[in-house]
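The values are calculated or read from the model by the stated rules, or taken from the named source; none is laboratory data. Just so you know, these numbers come straight off a predicted model, no measurement behind them. Methodologically, a virtual Cβ is constructed for each residue, glycine included, from the backbone with ideal geometry; neighbour enumeration extends over all protein chains shown. In case anyone asks, the SASA skips ligands and DNA or RNA and just uses the protein heavy atoms, side chains included. Shrake-Rupley method; radii C 1.70, N 1.55, O 1.52, S 1.80 Å.
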Amino acid sequence: MDSIIVRGNGPLSGQIPIAGAKNACLTLMPATLLSEEPLTLTNAPRLSDIKTMTELLSSLGAEVSDLQDGKVQAMSSHNIDNHIADYDIVRKMRASNLVLGPMLARLGHAVVSLPGGCAIGARPMDLHIHGLEALGAEIELKEGYLHAKAPGGLKGAEITLSFASVGATENILMAATLAKGTTVLHNAAREPEIVDLAKCLSAMGAQIEGAGTSRIEIQGVDRLHGATHQVVTDRIELGTYMLAPAICGGEVECLGGSIELVGAFCEKLDEAGIQVEETKTGLKVARKNGRVKAVNVTTEPFPGFPTDLQAQMMALMCTAEGTSVLEEKIFENRFMHAPELMRMGAEIEVHGGTATVTGVERLKGAPVMATDLRASVSLILAAMAAEGETVVNRVYHLDRGYERVEEKLGNLGAHIERVKET
Ligand code: EPZ
């Protein structure tokens, strides 16, 4: 397994390009299953999760070619000859469950393995099942697989989600595009990735209103046609790299970023004393004078503070002036980066879903372990301002969500290199 070595350095400067959104691409790719005609995605990120989704779609019979060094995914699903999403693929990546809605809608049946738990939580699918059953699907759990069928096709329905689940909203939205009649989804997730999915589905001929609000209305159509769609900018990669100059000092421009993607996050940066300015080409972030101030954070569904930036924000709070309280309200076990940061000298107390961080002047480099995607990048960020050398192991987690991280941060002046496993 590769590892990444980081040595603490001074202020950063330069520009960093932000890629297309992993979490948008992972729901846009299964949308190809809804149509016999080709769907092409541009601005796709080059990540191992995208390769896993490609593997899954190909196992179902779709043709997926990644062009232009992976930045374009050209897919065609005219010949789906397998409707089983195998455990071996689904357990690697929970987002594999997003083939369930499209396969049900197009083929009338699907067998999808339950993803099983992951490092950050149990990750159940009860809300996905609730919504798809409301559309007329019959779903049964057998030997770890969801066996779903809708022999007479899906029918529009009024559905309310007890929690604004991103994945459940995506599965229900995709399925409803081909259901007979009208579907209204209440308490829908409002993330930019939902808006991007609705934009792509509409380009394919779907009739959708209200994406980005908590009430989405879909008029079912008989079939969807092909389209070409540009994947929206990755707001989590954006927020992650905005924290690099916040932690190290200096000034960095994140190309392709916009305030609307990271509104609540920017409010917290402002409170901490970090300057954020919109430019013609992105967001310029600067920390000019002294230590950042400690701020309190509570993670919420969009437009609240994103859970996917909680670990990275904790890295910033480790050297802030004062005490910060971070509340994780979305996942039940998303503080695994805390013990690793404590190995670097951070002062953190975790009680259930709350972490209290007392800022120290400076962290000290140490060997640390990446445990999940966002935890791993928070360790890189912390290491960039630490004294001495940090070795981050198991960086395969990192490669799931960040393309060429050592190159992108190295270009800003960070001392960071990847050591390939011998
Ligand atoms: C998406 O996961 C993202 N993944 C996650 O990003 C992100 O953290 C999450 O949304 C929240 O924003 C992708 O888009 C591929 P949820 P998802 O359904 O859809 C519970 C990353 O780092 N829940 O909104 O799985 C669930 O257990 C990843 O890029 C149910 O109880 O998130 C969790 O506690 C990590 N029943 C909460 O809701 C269900 O049926 C949020 O889950 C579904 C979810």
Check your understanding: Can you name the residue in region 303-348 that is of a type in the set (A, V, I, L, M), more than 14 Å from the ligand (Cβ to nearest atom) and free of Cβ contacts under 8 Å to residues at least 40 places away in the same chain and is also farthest from GLU267 (Cα to Cα) among such residues?
Key -> MET342
Revision key, fill the gap. Scanning region 254-267 residue by residue, the ones that are in a strand (DSSP E or B) and open to solvent by 20 Å² or more (accessible area, probe 1.4 Å) total 1
Review point. Is it the case that some residue within region 395-405 is more than 16 Å from the ligand (Cβ to nearest atom), among the charged types (D, E, K, R) and under 19 Å from the mean Cα position of the chain (by Cα)?
Key: yes
Review point. What pairs can you find where one residue is in region 159-172 and assigned by TED's automatic domain parsing to the domain that holds VAL195 and modelled with pLDDT of 95 or more, the other is among the acidic types (Asp, Glu) and within 9 Å of the ligand (Cβ to nearest atom), and their Cβ atoms are less than 6 Å apart, with a gap of 6+ or different chains?
Key: VAL166/GLU191
Exercise for review: Looking at (1) surrounded by fewer than 21 Cβ atoms within 10 Å (Cβ to Cβ); (2) touching a strand residue (DSSP E or B) at 6+ places or on another chain (Cβ under 7 Å), find the lone condition where ILE216 falls short.
Suggested key: (1)
Review point. Out of region 380-399, which residues are modelled with pLDDT under 95 and charged (D, E, K, R)?
Key: ARG394, ASP399
Review point. What's the number of the condition ALA386 fails, among (1) under 25 Å from the mean Cα position of the chain (by Cα); (2) crowded, with 19+ Cβ neighbours inside 10 Å?
Key: (1)
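Can you name the strands (runs of 3 or more DSSP E) wholly within region 277-379 that have at least 2 residues being at pLDDT 95 or above, open to solvent by 30 Å² or more (accessible area, probe 1.4 Å) and not acidic (Asp, Glu)?
Counting at least 2 such residues, we get 323-327, 347-351, 354-358.
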